[in-house]
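The next block holds one structure in the form of C-alpha cells; read it before the comments.
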Amino acid sequence: MGESVLLLVGTPKGSFIVEGGPERDGWDVRGPSCEGWPIHDIAVQPETGALFAGGGSPWYGATVFRSDDRGKTWNQSSEGLTYGEEPKLKTVWNVGFAHGSIYAGVEPAGLFRSDDGGSTWSHVSGLRDHPSRPEWQPGNGGLILHSIVGHPTDPAKMWVGISAVGTFATEDGGKTWDTRNKGVRAGFVPGPAPEFGQCVHKLVMASDRPERLYQQNHCGVYRSEDEGRTWQEITAGLPSEFGFPMVAHPRDPDTIWTIPLNGAEQGRYVPDGSAAVWRSKDAGSSWVRSGGGLPDENAYIGVLREAMAVDSLRPAGVYFGTSTGQLYGSRDEGDSWSLIAGNLPPVWSVEAAVLPD
Amino acid sequence: MATIVLPRSLLQLFPAAEHRVTLPGATVGELIQGLDQRWPGLQDRLCDTGPLLREHIKLFVDGEPANLDAPVAEGSVVHVIPAISGGAAGHAVARRQRPQRAGSS
C-alpha cells in the first residue's frame, strides 16, 4: 500500500489540502474548503484519519469542522462549544488529540474536549478556574489558547500554551492546572519574571521523551527537562529571540526547528529580508541556519505560530507557510527547501500527515 | 405559518436545508428553533448562547428590522441576512478592544 503526504493549510479564506506522494517532489493543491471560513488550524486525528479544522466566522461564530474523506466534504458542530452567556467565543485556534479525545483551544483562552468525534464539546473548566484567570490579558493576537500537548502514555497529563499568559499543565485530566513558566523571561513587564504572563508562542514535546518540552517564546527559545517545571534558555546562536513557530523531530528528541523573525517591534519578518529556518540537533545547544532554496533577499515574510509542521517520513519533511501566502517544504530535514505553492491566502497554519492511499 | 429565507452562505453548511422554509412559529426565535429541529446545529450558527442573535446577523420581518422576540403573523416573510462588513485585516469585523499586555503577541 502506498502513502500520501497531506499538508493541511489554514487561512483566513478557508482551508487548503496539499497532497503529494512519499517522494514529496510534486504536489496538488485543493481548496478552499470549510466553506471559506477563516480556519486557524487543521489536523488529522491519528486513530481515525479524520480531518478536524477549527476556526470562526465573523457572522456564524466559532466551530470545528470534520472531514472523513480527506477534505472533500465537511460537517461542523459547535454544540457545547460555549462558556455560557459570557464571554462569547470568538474562534477556535487549535485542534489537538490525546488518547482518543479531540481538543479545541479557543479565544478567549480556554480548552474544550470532544469524546464523540467532534459532535459535541464540553468545557475543560478547570483551566479557567485557575486563580490567575482574572488577570489574563490578551496579546497582540488576542487571548488565545494555541498549543495543546498531550502526554503519549499518561492520559491525565496535558500542557497548554496561552499567548501572553504562559504555559499551564494538568496531571489530573484537566480538573486542576499549574503554571509552568519558571525560568522564562517576560521582558515586556518590569521586574523579575512573574509566575504567569509569559508570552509563549508555541509549545512542543520532544519525541520519545515526554519530560522534555520546547517553546518558542516572545522572549527567547527554551527547553525544559522536567515537564515544564523549570526552563533553560536556548536562544544563544539564533539571530533573534523573537519568532512564532517551533516543531520537533518525529523521532529524534534533540532535533528542533524554528524560524526567527527580526523582532517584535521591528516588523516581524525574517532578519535582513533573507528567509531561513534554523535547526538544532543538540537540543538547542547550537543552531544551524538553513536557507538553501529559500529567497535570500527582499523576502519580508513572516511565519505565524501554527504555520510550521513536520511529517513522519524518513528523512522527515519540514514545511512552513508565510503570512504572504507561500508554502515551502524540505524533504531532507531542512537541509534544502523548495516552493510548494506560491499564491495561497495568508497562511495561518500548516500541519502534515502521512496517510495510506 | 411563516416563511423564513436563509442566506446562501448558511446553506453551504447545511446542504439539506432549503433557501425558503415555511414552518409554524409565533416569533422569529420559534421559527429558528423549528429550523434547528430539522437541521441540527443551524440555530448555533445564527444565535450565540442566551440565545442571543449573533452580532453580525440581521433579521427582517416583512421588511422591518426585527429581533428574536419579534412576533410573526400568518404569511409573514422573515429574511436572515449576514451584515455587511469587511475591510479589516484578519477577521472581517472590528473586535471590541480589551486591555492588551504591552509589547506581547
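Some observations on this one:
- Charge context of residue B:48, other residues only, Cβ under 11 angstrom, K/R +1, D/E -1: 0
- A:147, A:290 arranged by Cβ crowding within 10 Å, fewest neighbours leading: A:290, A:147
- Placing R0 at 60 angstrom, the Cβ-Cβ distance between residue A:354 and residue B:62 gives a FRET efficiency of 0.60 after rounding to 0.05.
- Relative contact order of segment B:2-82, taken over Cα pairs closer than 8 Å and 6 or more residues apart, is 38 percent.
- With a simple spin-label model that places each label point 7 Å from the Cα along the Cα-to-Cβ direction, the separation between residue B:36 and residue A:300 comes to 4.8 nm.
- Taking amide H positions as modeled 1.01 Å from N, with prolines and chain starts lacking one, the residues under 5 Å from residue A:304 and 5 or more places away or on another chain are A:323.
- Reachable aspartates and glutamates, given that their alpha-carbon falls under 17 Å from the alpha-carbon of residue A:182 and they are not under 8 places away in the same chain: A:195, A:211, A:225, A:226, A:227, A:233
- Neighbour counting of Cβ atoms within 10 Å sorts the residues B:19, A:218, fewest neighbours leading, into B:19, A:218.
- For segment A:58-173, relative contact order (Cα pairs under 8 Å, six or more residues apart, normalised by length) works out to 19 percent.
- Within chain A, the longest segment free of exposed loop sites, counting GluC sites (Glu not before Pro) that fall outside DSSP classes H, G, I, E and B and have at most 12 other Cβ atoms within 10 Å, spans A:86-194.
- Taking other C-beta atoms within 10 Å as the exposure proxy, A:102, A:17 rank A:17, A:102 from fewest upward.
- Dipole of the protein assembly as shown computed with +1 at Lys/Arg Cβ and -1 at Asp/Glu Cβ about the Cα centre; of A:217, A:83, A:26, farthest Cα towards the positive end is A:217.
- Electrostatic dipole magnitude of segment B:2-82 [Cβ: Lys, Arg +1; Asp, Glu -1; Cα centre; debye, to 20]: 300 debye
- Per-residue HN-Hα couplings for segment A:329-340 [Karplus 6.51, -1.76, 1.60; θ = phi - 60°; Hz; x = Gly/Pro]: x, 10, 9, 10, 6, x, 5, 8, 9, 8, 7, 9
- Paramagnetic label zone (point 7 Å from Cα along Cα-to-C-beta, residue B:81; backbone N under 17 Å) in segment B:19-54: B:20, B:54
- Cross-link table A:90/A:175; A:13/B:58; A:88/A:157; A:72/A:157, entries beyond 31 Å C-alpha to C-alpha: A:72/A:157
- Inter-label distance for residue A:137 and residue A:343, nm, one decimal - labels placed 7 Å from Cα along Cα-to-Cβ: 4.4 nm
- Between the listed residues A:153, A:285, A:170, the Cα displaced farthest toward the positive end of the dipole of segment A:46-319, a dipole computed from Cβ unit charges relative to the Cα centre, is found at A:285.
- Cα shape, segment B:2-82, gyration tensor, a/c 1.5 rule: rounded
- Positive-end residue of A:138, A:326, A:343, charge dipole of chain A with Cβ unit charges: A:138
- Sequence-ordered 3J(HN,Hα) estimates for segment A:103-111 from the Karplus curve with 6.51, -1.76 and 1.60 and θ = phi - 60° stand at 10, 10, x, 10, 10, x, 4, x, 10 Hz, glycine and proline given as x.
- 3J(HN,Hα) along segment A:342-357: x, 9, 7, x, x, 8, 8, 8, 9, 10, 10, 9, 10, 10, x, 5 Hz, from the Karplus curve 6.51 cos²θ - 1.76 cosθ + 1.60 with θ = phi - 60°, whole Hz, x for Gly and Pro.
- Computed from the C-beta positions of residue A:289 and residue A:25 and an R0 of 22 Å, the FRET efficiency is 0.35 to the nearest 0.05.
- Amide hydrogen proximity for residue A:70: with H placed 1.01 Å from N in the peptide plane, the residues at 5 or more positions away or on another chain lying under 5 Å are A:51.
- Computed from the C-beta positions of residue A:281 and residue A:85, the FRET efficiency with R₀ = 41 Å rounds to 0.20.
- Using only side-chain charges placed at the Cβ, +1 for Lys and Arg and -1 for Asp and Glu, the dipole size of the protein assembly as shown relative to its Cα centre rounds to 760 debye.
- Here the label points at residue B:52 and residue A:69, each 7 Å from Cα along the C-beta direction, are separated by 3.9 nm in the simple model.
Only the coordinates and a few stated rules stand behind these numbers; no lab work does. These numbers were taken from a predicted model, which means no experiment stands behind them. For neighbour counting, all protein chains shown are included, and Cβ atoms are generated from backbone atoms with ideal geometry for every residue, glycine included.
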